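Undergrad: Before we start, here is the structure in question, set down as C-alpha cells.
Nothing in this text is a laboratory measurement; each read-out follows from the coordinates by a stated rule. Keep in mind that what you see is a predicted model, and the values were worked out from it rather than measured. Because the Cβ atoms are built from the backbone with ideal geometry, glycine has one as well, and the counts that use them run over all protein chains shown.
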C-alpha cells in the first residue's frame with residue numbers, strides 16, 4: 001500500500017473522527033500520539049461526541065476539539081467539517097455515517113476501515129488485518145449448547161494484536177505513522193486533582209480504593225454488587241484505606257445499594273456516582289491507589305492515568321478490549337472459565353455463570369497484589 005503521507009506530503013490540517021464510547025476513545029489515544037509523531041507540525045482536530053469532549057481538554061496530541069450533540073443532523077456536522085478545510089480525515093468508527101460526514105464535507109483524503117456500505121465513501125479503505133477478531137454476539141442456541149457440552153469447548157485465544165488499540169493504530173499507519181503500540185494516556189492537571197481532593201475530601205497522603213460496580217453496556221458485564229462490597233471491605237480492613245464509589249447518573253441507585261452493603265464507616269466512604277463531570281471523574285480516579293471495576297469506560301480512564309485496575313470480566317474479552325497496554329502487569333484481569341464466554345451480549349440469556357464463577361477470594365487476591373505493587 002502506498003504511504004499516504006509520502007505520496008501527498010505533510011497534510012496541513014487533519015481531522016480525526018472520534019468514536020462514541022468512553023472506553024473506545026481512551027483506546028484511540030495511542031493512534032493519536034503516533035499521528036502527532038508522524039505530523040508534528042500539522043493541526044489535528046478531533047471531531048468528538050459532546051459527551052466526551054472534556055476527555056480531550058489539554059491533551060497534547062490534539063490541537064482542537066470539535067463536538068457534536070447526539071441529535072445533530074448529518075448535514076449540520078458535515079457543514080462544520082467543511083468549514084475546517086481539512087486535508088485528511090482519519091475515520092476511527094466503522095459506521096457508514098462517520099464516513100459520509102467526511103465525504104459530504106469534501107475532505108480530499110478519507111482514511112477508514114473497509115466496511116460494508118461505506119467503502120465507496122473512502123479514498124483509502126483499509127482492510128482488516130488477518131489477526132483481527134470480530135466481536136460476534138453468540139446466538140442463544142450456541143450458548144446453551146456450549147454450556148450443555150461435557151467437553152466445554154472454548155474458542156482459540158485471539159492474537160494479542162487483535163486488541164482494539166491496534167485497530168486504530170492500523171488506520172494511522174496508512175498515513176505513514178508508526179504502528180507500534182503505546183499505552184493509552186490522558187491529561188489531567190495538578191490543579192484539577194487538587195480541586196477534586198478538596199471538593200470530595202480526599203486528604204493528601206490518604207489512600208483510596210475506587211469501586212465502579214456499574215456498566216452502561218448491560219448486566220452481562222456486571223459482577224454482583226454484594227461481591228464488590230465484600231472485596232472492598234476486605235481491602236479496607238487490610239490496608240486501612242477509604243472507599244470511593246464511582247458511577248454515572250444511571251448508577252446512583254446501585255451506588256447507594258453498594259454503600260449500604262459496605263461495613264465501611266462514613267468518614268472513609270465517598271459516593272461520587274452521578275456527582276462528577278468527566279474532567280472531575282479523571283481527577284477523582286487519579287486520587288485512587290487501585291480501581292476495582294467492571295469492564296467499563298472508567299476502567300480504561302483509570303489505566304490511562306496509571307491507576308492499576310482489578311477487573312472481573314464476563315461477556316467481553318480482556319484480550320480484545322482490556323485496559324492499558326495489552327499485557328501490562330499492573331492491571332489484574334480475572335477471566336471467566338465459562339465455555340460461553342465471551343458472548344458479547346448485553347444480557348445473559350442463562351445464569352450469568354461467567355461472572356458468578358469468579359469468586360470474592362479470587363478478586364481479593366488480585367486486589368491485594370495490585371495494591372501492594374502500587375505501594376512500592
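Undergrad: Using Cβ counts within 10 Å as a stand-in for footprinting exposure, how do 76, 341 rank, fewest first?
TA: So the residues, fewest neighbours to most, are 76, 341.
Undergrad: Moving on. Let me check against my output: what whole-number percent is the relative contact order of region 190-373, with C-alpha pairs under 8 Å and at least 6 apart?
TA: 25
Undergrad: Taking the Cβ of each residue in 315, 180, 256 as the centre, tally the other Cβ atoms inside 10 Å and list the residues starting with the fewest.
TA: With the sparsest Cβ surroundings first, the list reads 180, 256, 315.
Undergrad: Another one. Taking Cα pairs under 8 Å and at least six residues apart, what relative contact order does the chain come out at, in percent?
TA: Taking the mean separation of contacting Cα pairs over the length of the chain, I get 17 percent.
Undergrad: Something else about it: If you average the sequence gap of Cα pairs under 8 Å that are 6 or more apart and divide by the length of region 122-269, what percent do you get for the contact order?
TA: 17
Undergrad: How many times 2.2 N^0.38 Å is the alpha carbon radius of gyration of region 210-257?
TA: Output field value: 1.17.
Undergrad: At residue 350 and residue 328, where each label point lies 7 Å from the Cα along Cα→Cβ, what is the point-to-point distance in nanometres?
TA: Result for the modelled spin labels: 3.3 nm.
Undergrad: Can you compute log10 of I(q)/I(0) for region 4-173 with the Debye formula, treating each Cα as one identical point scatterer, at q = 0.08, 0.09, 0.10 Å⁻¹?
TA: So the normalised log intensities are -0.28, -0.35, -0.42.
Undergrad: By how many degrees, 0 to 90 and rounded to 10, does the Cα axis of helix 190-200 deviate from the longest principal axis of the chain?
TA: 40
Undergrad: Report the FRET efficiency, 1/(1 + (r/R0)^6), for residue 144 and residue 359, where r is their Cβ-Cβ distance and R0 is 30 Å, rounded to 0.05.
TA: About 0.80, to the nearest 0.05.
Undergrad: Grab the Cα-Cα distance for residue 51 and residue 240, subtract it from 0.36 nm times how many residues apart they are, and report the gain in nm with one decimal.
TA: Contour length minus the Cα-Cα distance gives 64.5 nm.
Undergrad: Contour minus end-to-end for residue 374 and residue 130, with contour as 0.36 nm per residue of separation and end-to-end as the Cα-Cα distance?
TA: That pair, residue 374 and residue 130, stretches by 84.1 nm at full extension.
Undergrad: Counting pairwise Cα distances across region 190-373, what percent come out greater than 22 angstrom?
TA: Distances greater than 22 Å cover 40 percent of the Cα pairs.
Undergrad: Sorting 91, 140, 358 on the 10 Å Cβ count, fewest up front, what's the list?
TA: 140, 358, 91
Undergrad: Binning every alpha carbon pair distance of the chain at 20 Å from zero, what are the percents per bin?
TA: Spelled out per bin, shortest first, that is 28, 55, 17, 0.
Undergrad: What's the extension gain from residue 120 to residue 226 if we count 0.36 nm per residue and subtract their Cα-Cα distance?
TA: 33.1 nm
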